[in-house]
Amino acid sequence: MLNPAQIDRWQNGLEEDGMKAEFQKNGTTLSVKPEGRMDAATSPELESLIRAQMEGMTEIIIDLENVEYLSSGGLRILLSLTQDMEEKDGRLKVIHGNRNIMEVFEISHFTDLLTIE
Amino acid sequence: MKEMTVQATLENIEAVTDFVNAELDRLDCPAHARAQIDIAIDELFGNIARYAYDPQEGPATVRIETQENPQRVILTFTDHGVKYNPLLKEDPELPKKARERSIGGLGIFMVKNMMDDMAYEYKDGMNILSICRIIDQSEKKAH
């Protein structure tokens, strides 16, 4: 759990064109909590929102608790961010994926690539 | 049977998904099957939006019908864009290292895995792609 005193940034309900995500920074960890569907229509925008916050981060945590499902559009973001984080010896972690999401990770073998908790 | 014809654009994926979900709700479709069908719409309608009429735009029709014994939903996507049979696409390689991965081909691969049947035909200048998903009410208990 993040210590509220350590949080240096909190954006609640950042929303553009229907994609909603909460961002939280704690040191060099960026936590992102998107809401809704991570699909072909919403994913490009979510990726640019995350990339705008990524500078200097060594860990990105994507909390999928409020994500209903993700398609290959959502996998595309997770792969691209993982590749970039690994490039700089950082990591990307996904947490709280529901059954639909875990199934997508299994079929696509993203279980081999991602840190999933 | 119900159908809807819209411009094949990424923005219209949501309208198509809502249209199909309204029918799935009427069938009391379990949440897991519904999510899989919604993912299939995203992949297949998304492909039509991106490639069928590129660089222009054109229409696509999505039809939903149900059959019994076992209860199943059949979605048919029709467009008159460039001829393309996604079932001929080879399954992607799935290397274990992120830097060796690409996302190409994963969408169709997932749809093949999640649906019970898929069929394609090219007829009268139209791509006609159907997917079938069995609606098993006992999936609710497993959830």
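Considering (1) part of a loop (DSSP other than H, G, I, E, B); (2) touching a Lys or Arg at 6+ places or on another chain (Cβ under 6 Å), the lone condition that residue B:76 does not fulfil carries the number (1). Scanning region B:75-110 for residues that are at the interface with another protein chain (Cβ under 7 Å from one of its Cβ atoms) and over 28 Å from residue B:21 (Cβ atoms) gives B:94, B:96, B:98, B:99, B:101. Can you work out which of the residues in region B:1-13 that are surrounded by fewer than 17 Cβ atoms within 10 Å (Cβ to Cβ) and at pLDDT below 95 is farthest from the other protein chains (Cβ to nearest Cβ)? Among them, the one singled out is B:1.
Looking at region B:100-129, which of the residues that are among the β-branched types (Val, Ile, Thr) and in a helix (DSSP H, G or I) is surrounded by the most Cβ atoms within 10 Å (Cβ to Cβ)?
Taking region B:100-129 as the starting set, the residues that turn out to be among the β-branched types (Val, Ile, Thr) are B:103, B:108, B:111, B:128.
Still in the list and also in a helix (DSSP H, G or I): B:108, B:111.
Values: B:108: 22, B:111: 26.
Going through the qualifying residues, I end up with B:111.
Tell me whether region B:50-60 contains one or more residues that are in a strand (DSSP E or B) and over 22 Å from residue A:38 (Cα atoms). Checked region B:50-60: at least one residue is in a strand (DSSP E or B) and over 22 Å from residue A:38 (Cα atoms).
Between B:29, B:132, the distinction of being outside any helix (DSSP H, G or I) and buried (at least 20 other Cβ atoms within 10 Å of the Cβ) belongs to B:29 only.
Considering only residues that are among the aromatic types (Phe, Trp, Tyr) and surrounded by fewer than 21 Cβ atoms within 10 Å (Cβ to Cβ), which ones fall in region B:32-46?
Pass one, region B:32-46, residues among the aromatic types (Phe, Trp, Tyr): B:45.
Those that are among the aromatic types (Phe, Trp, Tyr) and surrounded by fewer than 21 Cβ atoms within 10 Å (Cβ to Cβ): none in region B:32-46.
Looking only at residues of region A:11-42 that are of a type in the set (A, V, I, L, M, F, W, C) and either exposed (fewer than 12 other Cβ atoms within 10 Å of the Cβ) or assigned to a loop (DSSP other than H, G, I, E, B) (or both), we find that the one that is modelled with the highest pLDDT is A:40.
Look through region A:43-96, keep the residues that are part of a loop (DSSP other than H, G, I, E, B), among the polar types (S, T, N, Q) and more than 9 Å from every other protein chain (Cβ to nearest Cβ), and return whichever of them is surrounded by the most Cβ atoms within 10 Å (Cβ to Cβ). Reasoning before the result, please.
Step one: list which residues in region A:43-96 are part of a loop (DSSP other than H, G, I, E, B), which gives A:52-58, A:64-66, A:71, A:88-90, A:96.
In the following step, the residues that additionally are among the polar types (S, T, N, Q) were identified as A:53, A:58, A:66, A:71.
Those left that are additionally more than 9 Å from every other protein chain (Cβ to nearest Cβ): A:53, A:58, A:66.
Working: A:53: 19, A:58: 13, A:66: 14.
Among them, the one singled out is A:53.
The values are calculated or read from the model by the stated rules, or taken from the named source; none is laboratory data. From a predicted model like this one, the values you see are computed outputs, not experimental measurements. Please note: Cβ atoms are built from the backbone with ideal geometry, for glycine as well, and neighbour counts cover all protein chains shown.
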